[in-house]
Every structure is written in structure tokens, then in C-alpha cells.
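Engineer: Just dropping this structure here.
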Amino acid sequence: MDYHLVSEEIYNKLSLEAERGKLVGGTQFTLGQSSILIASKDGIGKLIEEWLGTWAIKNGINISPNQGGQSFPDFYINKDNSYLEIKAFDLDASANFDIANFESYCESLSYNPSRLNADYLIFGYQLCGSELRIEKVWLKKIWEISCSSERFPLKVQAKRDVIYNIRPATWYSSKARTQVFRTANDFVNALYSTQKIYLNIEISEEEERFHRNTRK
């Protein structure tokens, strides 16, 4: 897979540290004269993202956080402004993070096709009391962590017939019932086929056949 060399460097270093049991820590909150150790999983992904920026500086890796708040991407790789996204999930549960907002991804990909090639650095963690331990690290493309669903060609979060976010496949499990997309083109076809179904736009026979095949 054609990942950015800087992304691969980050992945290789962090994977090695995780294997050696060095990515262990936690969160302490201080207010006034009192401090507590945080045992909640809320916000862990964002904390890991902020930590990565500091870690990268200490390791001489040239990436910059996006100053646009929650907007895409999480980091720019300074060499050529390539995109690096950070995700995290609890290994004792399942990958339930949002890959991206569905509508904004459909729209942005139409005028920024390079978004499709963003690298996704994913952290699998365990939280024992207040101790946070990174056990696994993955480097993926968006189609390698996405799949179809029974309802749509692309797995999404939908509530009361409103689609909100693109949701991940269980790419890390050999027991997963639905396989990830094989190529970037398969993912894009599923993305826009899902949009057509959502907007009640008739899809072609080829798109319907693709949907049936990806559910197998």
C-alpha cells in the first residue's frame, strides 16, 4: 500500500514502542489544589491526537496539527502537505469511531480528490482504572477500514433515516462478517451509491450489482 513515508516512520516507531510496552500512561486533571486521575474513556482519542503532536516534535518528525479545530485533516505532513488522520478505540469493545461526516466527505471529495489518499493512524487502547495502555497501532487508507452494510453499500451511522457519519469495519478481526473494500475505487463507488440511495436517486444496475457483491 502506498502510504506516505512520514506516516510509515511514525507507524513503525509507535508500533515498536507499543510492542515493548512503552506506550503506557494516563490523564491527570488538576483544579486548584486538588488533582485526580481520569478513569473515563471520554475524549481519549483527542488526547492521543494532541499527545502525538508533542511526540512527533521530540522524535524530529515534521508534522503540523490542523489549526482549524475539528476540520479535516488532524495533521499535515509538512514535506508536501499530505494528510494524516488520527483515530483511537477501546480494544475491549469495538471500533466505533466516526471515520468522517458522510455529507461533508461526499462534498469535499468532489473538489479535493486528494483527501481519498489520506493516511489513517489508528490506536487500539485499553484503560485499566486510570492506566492507559496502547496495545496496537495500525496504518490504513480509508477503504481499508470501511465496508458495506445490509442497508447501504457503505457502512454508515443512520438515525431515523438520517445519515450522519461513515463508520468503520472490523478490519482487525479475522471473524468479521463483512470484508473491507479492496480498492479506493470500490470505496468511492460505495460512497456515491449510498448517497444516491439516501437522496432517492435511482442507481444503475452496475451499482446495484456492486452493492450485492460487497455484501457477500
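Engineer: May I ask for the longest run of the chain untouched by GluC sites (Glu not before Pro) that are loop-located per DSSP and have at most 12 neighbouring C-beta atoms (other than their own) within 10 Å?
Structural biologist: 1-149
Engineer: Could you work out how far apart the two model spin labels at Lys46 and Glu103 are, taking each label as a point 7 Å from the Cα in the direction of the beta carbon, and quote it in nm?
Structural biologist: About 2.2 nm separates the two model spin labels.
Engineer: If you fit an axis through the alpha-carbon atoms of helix 205-214 and take the longest principal axis of the Cα set of the chain, what angle between them do you get, 0 to 90°, nearest 10?
Structural biologist: Taking the Cα atoms of the chain, the angle to 205-214 is about 40 degrees.
Engineer: Next question. Send over the per residue convex hull volume for the range 18-84, Cα only, as a whole number of Å³.
Structural biologist: Output value, Cα hull per residue: 141 Å³.
Engineer: Hey, for a label at Tyr164 modelled as a point 7 Å past Cα toward Cβ, could you say which residues of the range 34-57 have their backbone N under 19 Å away?
Structural biologist: Taking a point 7 Å out along Cα→Cβ of Tyr164, the residues of the range 34-57 whose backbone N falls under 19 Å are 41-46.
Engineer: So what is the calculated 222 nm ellipticity per residue for the chain, using -39500 (n - 2.57) for each DSSP H run with n of 4 or more, over all residues, to the nearest 500 deg cm²/dmol?
Structural biologist: About -9500 deg cm²/dmol.
Engineer: Here's a follow-up. So how tilted is helix 5-19 from the main axis of the chain? Cα-based, degrees 0 to 90, rounded to 10.
Structural biologist: Helix 5-19 and the main axis of the chain meet at about 60 degrees.
Engineer: Right, next: Using Cα-Cα distances under 8 Å and only pairs 6 or more residues apart, what relative contact order does the range 60-174 have, in percent?
Structural biologist: Values: 190 pairs, mean separation 25.5, N = 115.
Rounded, it is 22 percent for the range 60-174.
Engineer: Moving on. May I ask you to sort Arg160, Arg151, Arg167 by Cβ crowding, counting other Cβ atoms within 10 Å and putting the fewest first?
Structural biologist: Ascending number of Cβ neighbours within 10 Å: Arg160, Arg151, Arg167.
Engineer: Let me ask you something else. Treating the angle as unsigned and between 0 and 90°, give the value, to the nearest 10°, between the Cα long axis of helix 44-58 and the longest Cα principal axis of the chain.
Structural biologist: Around 60 degrees separate the two axes.
Engineer: Using Cα pairs under 8 angstrom and six or more residues apart, how large is the relative contact order of the range 1-83, in percent? Could the numbers behind the result be given before it?
Structural biologist: Values: 50 pairs, mean separation 15.2, N = 83.
RCO, the range 1-83: 18 percent.
Engineer: Measuring from centroid to centroid over Cα atoms, what is the spacing of the range 97-167 and the range 19-34 in Å?
Structural biologist: 27
Engineer: Further, regarding this structure: Arrange Cys128, Cys147 by Cβ neighbour counts within 10 Å, fewest through most, would you?
Structural biologist: Working: Cys128 11, Cys147 24.
Lowest count first: Cys128, Cys147.
Engineer: In addition: Under a Cβ-Cβ cut-off of 11 Å, what is the net charge of the residues other than Leu23 that fall near it, where Lys and Arg count +1 and Asp and Glu count -1?
Structural biologist: Around Leu23, the surrounding residues sum to +2.
Engineer: Just want the ordering: Ser71, Ser15, from fewest to most Cβ atoms lying within 10 Å of their own Cβ.
Structural biologist: Least to most surrounded, the residues fall as Ser71, Ser15.
Engineer: Modelled label-to-label distance, Lys175 and Glu9, 7 Å Cα→beta-carbon offset: nm?
Structural biologist: So the two model labels end up 4.0 nm from each other.
Engineer: Further question: Quick one: compute the contact order of the chain, relative version, from alpha carbon pairs under 8 angstrom and 6+ residues apart, as a percent.
Structural biologist: Relative contact order of the chain: 18 percent.
Coordinate-derived values only; no laboratory data. Only a predicted model underlies this, so the values are computations on that prediction, with no experimental measurement involved. Note: ideal-geometry Cβ built from the backbone for every residue, glycine included; neighbour counts use all protein chains shown.
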